[in-house]
1. Tell me, please, whether a residue that is assigned to a strand (DSSP E or B), under 16 Å from Ala31 (Cβ atoms), among the aliphatic types (A, V, I, L, M) and at pLDDT 95 or above can be found in the range 79-88.
2. Provide a single number: the residues in the range 198-217 that are of a type outside the set (Val, Ile, Thr) and in contact (Cβ under 8 Å) with a residue 40 or more places away in the chain.
3. Across the range 187-209, what is the number of residues that are buried (at least 21 other Cβ atoms within 10 Å of the Cβ), out of contact with any Gly (no Cβ under 7 Å at 6 or more places or on another chain) and hydrophobic (A, V, I, L, M, F, W, C)?
4. Sort through Ser55, Ser75 and tell me the only one that's in a helix (DSSP H, G or I), modelled with pLDDT of 95 or more and surrounded by fewer than 21 Cβ atoms within 10 Å (Cβ to Cβ).
5. Just to be sure I understand the filter: pairs with C-beta atoms under 6 Å, separated by 6 or more residues or on different chains, first member in the range 103-128 and aliphatic (A, V, I, L, M), second member outside any helix (DSSP H, G or I) and surrounded by fewer than 18 Cβ atoms within 10 Å (Cβ to Cβ). Which pairs pass?
6. (1) part of a helix (DSSP H, G or I); (2) buried (at least 24 other Cβ atoms within 10 Å of the Cβ): which one isn't true of Ala31, the others all being true?
7. Do you know which residues across the range 1-36 are free of Cβ contacts under 8 Å to residues at least 60 places away in the same chain and under 16 Å from the mean Cα position of the chain (by Cα)?
8. Kindly indicate which of Gly138, Gly129 is surrounded by fewer than 16 Cβ atoms within 10 Å (Cβ to Cβ) and either of a type in the set (Val, Ile, Thr) or at pLDDT below 95 (or both).
Amino acid sequence: MAGRKILESPQVKVCGLTLPEQAAACAELGADAIGLVFHRKSLRNLDLETACAISQILPGAVWAVGVMVDKQFASIMEIANSCQLDAVQLHGNESARLVRRIEAEGLPVIKAVFASRAPFLAQAGEYAGCRGLLAECGRGKLAGGNALPWNWEAAAGLCSQGPFVLAGGLDPDNVGRAVAAALPDAVDASSGLEKAPGVKDLAKVSDFITMVRACAALYRPAGRQPRKIFGGSN
């Protein structure tokens, strides 16, 4: 990850957007990335038409990230190309080989690792070289965070594996504690910023981003700063 830009505070990914106008509003509020879910079991699952409408409306500096679970290479690339995604987030038990194959196509990959299921946090090294890791608990019925806070400090060791995103039960009230515990390079929230599945509460989004930006000073005692994951070249 040589040459990775150093930031003052973690980046913010707002995930599970279903409405183009809300995606544009989140970008205006300062989100660095917007997550588009392509998983039929999710209440935030998108069709290609809606996903394309969202990706096309985003400013160039804000990444459209497709969130997928255990899809095959051809399906991942088809969706990414159709929707002009900037990156994909693989949120299942995808292999390191698949991650490398996608990255070889020039498509950045964020690979999820979990505290409670495979691939476990301890397996993060298998995915070395991808754009970034994403850490969350992994318990619950769905592949995502299921609005469940967890022991965020368990993810702190991932910083030695490369840039990483912290997710799982984050909201404006707890994101400061979560960042202090794990010192991630980015944070990712969905249900903690909603008033209904897929419908964001923009006041919560604004408060969340404000709280994350206020976390910059937390990194100084640890002698490091967040690294850029979303935006720029891979």
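The values are calculated or read from the model by the stated rules, or taken from the named source; none is laboratory data. The model shown is predicted, which means the values in this text are computed figures rather than measured ones. Cβ sites come from the backbone with ideal geometry, for glycine too, and all protein chains shown count toward neighbours.
1. Taking every residue of the range 79-88 in turn, at least one turns out to be assigned to a strand (DSSP E or B), under 16 Å from Ala31 (Cβ atoms), among the aliphatic types (A, V, I, L, M) and at pLDDT 95 or above.
2. Within the range 198-217, the first condition is being of a type outside the set (Val, Ile, Thr), and the residues that meet it are 198, 200-204, 206-208, 211, 213-217.
Adding the requirement that they be in contact (Cβ under 8 Å) with a residue 40 or more places away in the chain leaves 198, 200, 202, 206, 208, 213-216.
Qualifying residue count, the range 198-217: 9.
3. 5
4. Answer to the check: Ser75.
5. Ala118/Asn93
6. (1) is the only condition that Ala31 fails.
7. Result: Ala23, Ala27, Ile34, Leu36.
8. Values: Gly138 fails: surrounded by fewer than 16 Cβ atoms within 10 Å (Cβ to Cβ).
Result of the check over Gly138, Gly129: Gly129.
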